[in-house]
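Structure first, then comments.
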Amino acid sequence: MPKQYVSAPAPRVSLKRRNLLGFLGGTLAVLLVGCFRRPSASAPFSAASAQSPAAGQPACTVRPQQTEGPYFVDEGLNRSDIRADPASGAVKPGVPLRLQFQVSQMGGDSCAPLAGAIVDVWHCDATGVYSDVSDRSFSTLGQKFLRGSQVTGGDGTVEFLTIYPGWYPGRTVHIHFKIRTSGASVQNNGQSNSQGYEFTSQLYFDDALSDRIYTQAPYSTSGQRTTRNSNDGIFQGGGEQLTLAVTQDGEGYTGRFDVGLELA
């Protein structure tokens, strides 16, 4: 079994922990090549191997699991458009990004859409700030912008409307996501407190695309970014398999991510 690392336990972090991400990015990649398998009370769990799809269904695709990081908050926000803070209604500015997930379950030599899975998404805004975080340089406690979840339907898909993420020192451009089956409940320490399956990883973007987008406001206010895919240690643990292919969609972009899970 490949070696795994435990992600930071608490979503409410200090500036010291945020700065530590730069060091973690260079050292704590979860190196999974092929299947990821974790023990469960009932059955093993893994990212499924690539298989030929059943007729009309997507291929199950090998994807590595990566560290959750310290910014996950189990908000329970079931919504598709995650750009706004639900309390104030303020919408975070940025280039629109329509993010689609296709979640499948591997069974034998075929794939089937996985219904009823919870897909969580969270990421920073155009200036590198996460919501619901207490930090020395800012506090966004109580705000919930750029966070949300959706439950897969019968076709195994969910869709989020968000913005292209910004960056912060020590990390390349990324979006966090988590997929959970019914019964999986996550506490602040990142551990499940009931039976269920959980897959956590990150999505990445082509550096050239990020360079073009970051010439625009409000991204341009952050200056020249310091970490790219090539020198992000977490990206080195399978980031090429997690790089989101996007297409132009009006003034923004659309990206689709397929992932297959082995639940039994």
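Taken together, the values in this text are just the output of simple stated rules run on the coordinates, not laboratory data. Predicted model only: the values in this text are computed from it and were never measured. Neighbour counts are summed over all protein chains in view; Cβ atoms, including those assigned to glycine, are modelled from backbone coordinates with ideal geometry.
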Positive minus negative residues near Thr61 (Lys, Arg vs Asp, Glu; Cβ under 13 Å): -1
Taking the Cα centre of segment 80-154 as origin, work out the dipole magnitude from +1 charges on Lys and Arg Cβ and -1 charges on Asp and Glu Cβ, in debye rounded to 20. 180 debye
For Cys60, list long-range residues whose amide hydrogen, built 1.01 Å from N in the peptide plane, is under 5 Å from its own amide hydrogen. Gln51
Kirkwood Rh, Cα atoms: Rg over Rh of segment 102-247: 0.99
Pop out the ³J(HN,Hα) list for segment 224-237 in order, Karplus 6.51 cos²θ - 1.76 cosθ + 1.60 with θ = phi - 60°, rounded to Hz; leave Gly and Pro as x. 6, 5, 9, 10, 10, 4, 5, 10, 9, x, 6, 4, 5, x
The long-range amide H neighbours of Phe257, using H built 1.01 Å from N in the peptide plane and a cut-off of under 5 Å, are Gln100, Phe101, Gln102
Out of residues 5 or more away from Gly107 or on other chains, whose amide H comes under 5 Å of its own, with H placed 1.01 Å from N in the peptide plane? Ala112
